[in-house]
Every structure is written in C-alpha cells, then in structure tokens.
Amino acid sequence: MTDFLHALEFYCNELGIDSTKIILFLTYEGDMDAAGYCEKWDDGYTVKLVRTQLEYNAHPLSILAHELVHVMQYEKGLLEDLPGGLCRWKGKIYLDPCIFLCENIYYAAPWEQQAYALQDRLYYKYLRSLDQ
C-alpha cells in the first residue's frame, strides 16, 4: 500500500490536483473487468483499484495514474457526469461507457484516450524519480 500512496502523491503533484480530496481503496471486489475506477463525489473522489485485476497488469501503478488523470479531468472541468448515462467532455455530450458497458464506446471516449495516453508517461516518470 505504501507504494501506491507514494505514487498517488507523485501523480497528484504532476497533474496539479489536491491529494487530500482522494480516498484510495485497494479492494478485491469490483464491477466488470476493470482494474480501476474513479468516482466523483461532492467533496472529493474515490479511486478503487481491484487487486484481482491488478494481478494481470504488468504495471499496477500505471492503473493508478490512469484513474488520477480522470480526477484531473473532473477538477479542471474537462469531464462532467450528467444524468441519464451521459458525460460532457469539453462541452460535447457523450454516452458514458461505464453505464453502457460497451468496449467500443469506452475506448472511443476522449477522456479515456487521454487517460491511456498519460498513464504510462506518468508511471515511467514516477519510476525515474525513484532513481534520483
């Protein structure tokens, strides 16, 4: 757990987000086959990492980075959850792939594309910081 907390602080600093608004859970229970989830609440965020799914991932800390990119997206107003299974990304309305459980919608969502693009960059930058 210490590795995850240390990485969380690093990622939050890199993304310009407040780590005190984030509650991190490492759990054995999760929906679907996802390794991580980000849930926005009125006063903060819950990031859940599913241990059984993380075991299949070569870089579990990159999954944490992915979820924290979503926190940054919410914080900067890029991403907003809407009623009825919809999301707003940079002013444009999309179906929420988490509601519809559709891989095509999930991978096409621009907020997911950004999170995937940044997760490994953040992860490898974190690893480089450990060598210093």
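Computed from the coordinates by the stated procedures, all read-outs in this text should not be read as laboratory data. Remember, it's a predicted structure, so these values are computed and weren't measured experimentally. We place every Cβ from the backbone using ideal geometry, glycine too, and count neighbours over all the protein chains shown.
If I compute volume of the Cα convex hull per residue in Å³ from the structure I just sent, which labelled value in [x] 109; [y] 177; [z] 129 lines up?
Of the listed options [x] 109; [y] 177; [z] 129, [x] comes from this structure.
In terms of modelled amide H atoms, which long-range or inter-chain residues lie less than 5 Å from the amide H of Asp96?
The list, which skips near neighbours in sequence, is Leu86, Cys87.
Taking θ = phi - 60°, what integer Hz values does the Karplus form 6.51 cos²θ - 1.76 cosθ + 1.60 yield along segment 68-76, in sequence order, with x for Gly and Pro?
So the J values, rounded to whole Hz, are 6, 4, 5, 4, 4, 4, 5, 4, 7.
With +1 assigned to the C-beta of every Lys and Arg and -1 to the C-beta of every Asp and Glu, and no other charges, what is the dipole magnitude of the chain about the Cα centre in debye, to the nearest 20? Could the numbers behind the result be given before it?
Values: 11 positive and 20 negative charges, 82 e Å.
In total the dipole reaches around 400 debye.
Tabulate in residue order the Karplus-calculated ³J(HN,Hα) for segment 85-92, using 6.51 cos²θ - 1.76 cosθ + 1.60 with θ = phi - 60°, rounded to whole Hz; enter x for Gly and Pro.
Using θ = phi - 60°, the values come out as x, 10, 9, 10, 10, 6, x, 9 Hz.
Convert each backbone phi in segment 43-49 into a coupling constant with the Karplus relation 6.51 cos²θ - 1.76 cosθ + 1.60 (shift: θ = phi - 60°), then list the ³J(HN,Hα) values in order as whole Hz, x for Gly and Pro.
Those phi angles translate into 10, x, 9, 10, 10, 10, 10 Hz.
Between Ile23 and Thr2, 0.36 nm times their residue separation minus their Cα-Cα distance comes to what?
Difference between extended and current length: 6.2 nm.
Please list, or write none, the lysines whose alpha carbon is within less than 19 Å of the alpha carbon of Lys90, excluding same-chain residues fewer than 8 places away.
Cα-Cα hits under 19 Å: Lys40, Lys76.
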